[in-house]
Protein chains: 2
Amino acid sequence: MTDLRQNILTGDWVVIASRRALRPESFSTGTPKPTDERLSTCPFCMGNEDQTPPEVFAVRPENGLNDTKGWKVRVVPNKFPAFLDKKELNEPEESGIYTSLPAYGHHEVIIHGPNHNETVADMDTQDLALVLNVYQQRLAALSADPKTVSAIIIINQGREAGASIEHPHSQLFTLPMIAPRQQRELEQIKRFKSEEDDCPLCAMLKYEQAFKERVIAENDYFLAFCPFASAAPFEVNIVPKKHQQDFHKAGKEEIDALAKIFKFTFGRLGERLKDPPYNTFLHTRPFQTDDDYHWHFVIMPKTSIMAGFEFGTGMMINIVGPEASAKFLREP
Amino acid sequence: MTDLRQNILTGDWVVIASRRALRPESFSTGTPKPTDERLSTCPFCMGNEDQTPPEVFAVRPENGLNDTKGWKVRVVPNKFPAFLDKKELNEPEESGIYTSLPAYGHHEVIIHGPNHNETVADMDTQDLALVLNVYQQRLAALSADPKTVSAIIIINQGREAGASIEHPHSQLFTLPMIAPRQQRELEQIKRFKSEEDDCPLCAMLKYEQAFKERVIAENDYFLAFCPFASAAPFEVNIVPKKHQQDFHKAGKEEIDALAKIFKFTFGRLGERLKDPPYNTFLHTRPFQTDDDYHWHFVIMPKTSIMAGFEFGTGMMINIVGPEASAKFLREP
């Protein structure tokens, strides 16, 4: 079976080229997980606070001092930032026919916890809820800067997925613009609403709940499913059932429910694919806009390489259909 | 130095986040190249013609039989095609709110030559010109199919760049649509022409020839340069100086000049980065259109991983600016 499918949120096309002979088990990576809870050489381990830039935020007991032990979640600037929050940022020196912008923004690292070997799948839901709440607090704080136009939070888990530091962490970027993918989403949402009188993510939720074959998990507030136009084997989207613009405005009950569906989904990926490397990102509404949006998480296990076709066309080739992916992830 | 740059051909944005401490030498990969000229287990080696699907085209001596030894370039269908040229292609079974298309198309493998260990950088220019001429012949033949809307030719060199078979080869895909990246290019060209009264690639050629800092090589017909908005360290674009729509209509003199600048460029990449894995693609005008275009090659050495930020934003982070990349590639 091979067909071209369009993502109704982004407008992107993917090639679903399922190979019958391929068993989902063949994607198991079995990367050995670290067994050490602490490493003297890891800048994110408890006790090594002096190996990072000074923290900008932390969850720690009252009266605990900055950059000392005892924290539960810790936020530090990235040592090699892709964006810089400097007012004196140089305007690019040349332009001519070209267009450029100063890369103004923030690039923070959110260390999930003190344990070196505790991935999202291993954390208990209370600790996960704490991390998600730190996401909210940082987004709320950084959105106050009028030069901050949008933000994205990502998790790269595993070296093959681009993690240069093993200790589980997220990265928060703020941008001086709306990223191209999100710009396309905002335009698609506008178009879909005018044509179908609905938000594409709300429409997807209804469709997937009824169709069932691509659903991984569901609770009162969230649906986790492999999207129709999955760009990679075992891609999972986690979407709030309520049409909600801004992640940082979600309530405590929702964050607790999100922590639970996170725990379940990352747990299933870990069990079924043997702790695969993965990329995860949070899309939330750009700050300086009233445009309609619906925040969501995308999880992409790293099972394939971007190569000439993908770069040259802007289309991904996915060799495991989302129906087979979801079935495999649901099975015990 | 960090800034955001827009590619005036695609409209894509990249983050140029040069790290001063990084020396270009650190990108040398030093992947050992195979030393064998023939492998009994390689389906693309001379003598193993029965290990591929029957050939669709070959350059071989007169009276040579199909699927026998003696060829110089050989074209076979891909054993695991992403696109299928079957008239009876199933219409996708479900759609509802979703959009999909049958993945009608061709997916061919162009084996560059009989030698297992001869990469593009190693080939002599006459043999390279032969391969480029086979590109032209296959594009001309496949464009006759009215269901073929566009085509792309790629080279993935090295396992890290997605090559599953080591023996040097290209892949030709035809698509039943215009790929999203190329669609954006066609729209950008239209916009740029109406605003600047020029083709963006023609404007780039003039600018880069005058600016010089990003140029790698030049001959009568072509310019090879690291583009202003390079999406990866050491990205090189090779662009014909003449505003030419269709690659398969380029003349013999141009193909010979292209083979020479290929040899030089891939040679420099191989020497300076120690035979890096890379992705290369050819963009030529879609077949069923009169829209204006300017064909070109893009070469992207594989030095980094697409991760959460890149997937979530649609922007690449490039940690070596094109000016430094070009300087490094020019130096002896």
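Readers should treat all values here as calculations from the given coordinates under stated rules, not as data from a laboratory. Please read all numbers here as calculations on a predicted model, not as lab measurements. Here Cβ is always computed from backbone atoms with ideal geometry, including for glycine, and neighbour counts include all displayed protein chains.
Annotations
- Distance histogram in 10 Å bins (all Cα pairs of chain A, percent per bin): 5, 24, 34, 26, 10, 1, 0
- Listed as lacking a disulfide-compatible partner in the protein assembly as shown: A:CYS226, B:CYS226, by the criterion of no other cysteine Cβ under 4.7 Å.
- Within 10 Å of the Cβ of each residue in A:276-285, the mean number of Cβ atoms contributed by other protein chains is 3.
- Label-to-label distance, nm, for residues given as B:LEU39 and A:GLU37 (7 Å Cα→Cβ offset): 4.7
- Computed from label points 7 Å out along Cα-Cβ, the spacing between B:VAL56 and A:ARG19 is 1.9 nm.
- Taking label points 7 Å from Cα along the Cα-to-Cβ direction, B:GLN126 and A:LYS252 give a separation of 8.1 nm.
- Axis-proximal residue of chain A for the rotation onto chain B, reported as residue and distance in whole Å: A:MET306, 2, based on Cβ position.
- A cut-off under 14 angstrom between Cβ atoms defines the neighbours of A:SER40, and their net charge, with Lys, Arg +1 and Asp, Glu -1, is -3.
- Inter-copy separations for A:GLN51, label at 7 Å along Cα-Cβ, nm, ascending: 4.6
- Mean per-residue shielding of peptide B:176-189 is 3, counting Cβ atoms of other chains within 10 Å of each Cβ.
- Taking the label point 7 Å along Cα→Cβ, A:GLU253 and its counterparts in the other copies are spaced 7.7 nm apart, in ascending order.
- Top positive-direction residue, dipole computed over the protein assembly as shown with Cβ charges, set A:GLN209, B:GLY64, B:VAL298: B:GLY64
- Kirkwood-type radius of region B:150-282, with distances r between different C-alpha atoms, in Å: 16.4
- Adding -39500 (n - 2.57) for every DSSP H run of four residues or longer, then dividing by how many residues chain A holds, sets the calculated 222 nm ellipticity at -8000 deg cm²/dmol.
- Peptide B:97-106 - average C-beta neighbours from other chains (10 Å radius): 6
- Net charge contributed by nearby residues that have their C-beta within less than 13 Å of B:PRO277 (K/R +1, D/E -1): +1
- Within the shell of other residues whose beta carbon sits under 12 angstrom from the beta carbon of B:ILE153, the net charge comes to 0, with Lys and Arg scored +1 and Asp and Glu -1.
- Shape class for region A:98-212, computed from the alpha carbon gyration tensor (a ≥ b ≥ c): oblate, with a/c not under 1.5 and a/b at or below b/c.
- Three-way shape label, the protein assembly as shown, alpha-carbon gyration tensor, a/c 1.5: prolate
- Taking amide H positions as modeled 1.01 Å from N, with prolines and chain starts lacking one, the residues under 5 Å from A:LYS302 and 5 or more places away or on another chain are A:TYR278, A:ASN279.
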